[in-house]
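Structure record follows, encoded as C-alpha cells.
Each reported figure results from applying straightforward, stated rules to the coordinates on display, with no laboratory input. Note that the coordinates shown come from a computational prediction; the quantities given were computed from them, not determined experimentally. Every residue, glycine as well, gets a Cβ built from its backbone with ideal geometry; the counts of neighbours run over all protein chains shown.
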C-alpha cells in the first residue's frame with residue numbers, strides 16, 4: 001500500500017472499460033475542453049468514444065480544512081447528507097436511479113476536497129448531470145435527515161476508528177504536527193468531533209451547505225462517450241440557473257518546520273502489539289520537492305521490497321509490518337505529512353522499532369538511494385498513472401486533482417514529468433531537509449497493561 005491511511009469514506013475503484021490511449025507524440029494525453037458558467041461553475045470535458053461509458057464527477061472545494069473550531073465534522077457529514085434527497089429526488093432516489101440505469105456511484109471526503117461521482121452508460125449520463133444539479137440546488141436539509149446522518153457518522157466512527165486497533169492513534173498522530181491555534185485546518189481529524197456534531201443545529205448545517213456546496217465552489221468533469229456540444233447544452237440547462245454563493249473565507253495554516261521533536265505515548269485499548277508512528281512536516285502538493293518525497297516514500301516503505309520492510313520486518317524480524325506514505329490524509333494545498341508506521345513483533349519494544357526506523361532514515365540522509373531503487377520507484381509511479389487512465393473514473397479524478405492541486409486541469413498531461421525528472425541527488429536532498437528528528441512527531445502506541453477483559 002502506498003498510503004498509510006485507511007480511508008474513512010473511500011472511493012470505490014471500478015473496473016470500467018479503458019479510455020482511449022493515444023500513440024506517438026500524443027501518447028497518453030487527455031484531450032480537454034474547459035469552460036465556466038456565469039454562476040462560477042467550472043466544467044472540464046474529456047470526450048472519449050472508445051467505450052459507451054461516461055463518468056460524471058463533481059469536486060467541491062471543501063473538506064475538513066474549511067471547518068471552524070466547535071463546528072468540526074460537517075464536511076464528512078455532507079458526504080452522507082448529499083444522498084438524502086432533494087427537491088425532485090426522494091431520500092433513496094439518487095442511488096436507486098443510478099443503479100437501475102446500470103451505473104455506479106459514490107463520494108468521499110478528504111482534508112481539502114469532497115467528491116461525488118456517477119459512472120453511467122453513455123445514453124444515461126444526462127441523468128447523472130441532472131441528479132448532481134438537483135442536489136446542488138435543493139438538497140433536503142432538515143432535522144430528520146440531519147439527526148439520521150449524524151447517527152450514521154457516529155456509528156461509522158465507532159466501527160471504523162474506535163473499535164479498530166491503531167486507527168485512532170494513527171489519525172491523531174497525523175494531525176499532531178499542526179498546532180490548532182495556528183493551523184486548525186489540518187490540526188483536527190477529518191471525521192470531526194462527536195461533541196461538535198452533537199452540539200450542531202440544523203441551521204449550522206444549512207449555512208455550511210449554502211456556503212460551500214455552490215456552483216462557484218465546484219468543478220464538474222465529464223469523461224467518456226459523449227458529444228461535447230450536447231454536454232455543454234445539458235450542463236447549461238441543468239446548472240446555469242443555480243445561484244452562486246458568497247465566496248468562502250480563505251484558509252490559513254502557519255507551521256514551523258524543524259521546531260523540535262515532539263513525542264507522545266498513546267495507550268490503544270484495541271492494540272495487542274506496540275507500534276510506532278513517526279510523522280514529518282513536508283510542503284504542499286505543488287511544491288517542487290513533492291515528487292522526490294513521494295518517490296522516497298515508495299523506496300522507504302512502499303511494498304514488500306522497500307527498505308524498511310526488508311530491514312525491519314524481514315531481516316531484523318522486529319516488526320509485523322511497516323508502511324511509509326506521503327500526504328496520508330490526501331493531498332494538501334498547505335503543509336502536509338510524510339509518515340512512517342511500524343507495528344512491532346511480539347516482545348519487541350517501541351524503542352527498538354524507533355532505533356531501527358531512525359537508522360533506515362539516517363542511511364538515506366547520509367548515502368541517498370541507488371539507481372535501481374530510483375528506477376523502480378519511477379516505474380511504479382509511471383505504471384500507476386498509466387493504468388489509472390484505463391478507467392474513466394480514475395481519469396476524471398486525475399483531472400480534478402490536477403485542477404485543484406496544480407492549478408489547471410491541463411496539468412494532468414504534464415504532472416508525471418516531474419517524477420521522471422527526479423534524481424538521486426534530489427532524493428538525498430529532500431531526505432536531509434525534511435526527514436530530520438527536529439522536524440518530526442513521534443507517537444508511541446502501546447497496548448494496555450494487564451489482562452484483557
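Data for the structure
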item	result
Descending semi-axes in Å of region 24-239, equivalent ellipsoid built from Cα gyration tensor	32, 20, 17
Which of 125, 60 has the fewest Cβ neighbours within 10 Å, and the rest in rising order	60, 125
Principal axis dimensions, largest first and in whole angstrom, of region 282-394 by Cα	47, 29, 28
Whole-angstrom Cα spans of the chain along principal axes, big to small	62, 58, 38
Calculated P(r) tail over 13 Å for region 348-389, as whole % of Cα pairs	67
Cα gyration tensor, region 203-339 - rounded (a/c under 1.5), prolate or oblate	prolate
Cα Rg, Dmax, region 157-241, angstrom units	19.5, 52
Alpha carbon Rg of region 299-364, scaled by the compact-globule rule 2.2 N^0.38 Å	1.15
Distance (nanometres) between label positions extended 7 Å along Cα→Cβ at residue 154 and residue 99	2.6
Descending semi-axes in Å of region 117-260, equivalent ellipsoid built from Cα gyration tensor	34, 20, 18
For region 262-324 and region 385-403, distance of Cα centres in Å	26
Order of 30, 242, 399 - criterion: other Cβ atoms within 10 Å of each residue's Cβ, fewest first	242, 30, 399
Inter-part distance where region 175-221 and region 49-86 are each reduced to a Cα centre, Å	12
Prolate/oblate/rounded label for region 77-148 (Cα gyration tensor, a/c 1.5)	oblate
Relative exposure of 127, 82, judged by other C-beta atoms within 10 Å (fewest first)	127, 82
Cα gyration tensor shape for region 146-201, rounded if a/c is under 1.5, else prolate or oblate	oblate
Estimated [θ] at 222 nm from DSSP helical runs (n ≥ 4, -39500 (n - 2.57)) normalised by residues in the chain, nearest 500	-11000 deg cm²/dmol
12 Å tail of the calculated P(r), region 393-432, as % of Cα pairs	63
Alpha-carbon spread of region 260-299, three principal axes, descending order, Å	40, 24, 14
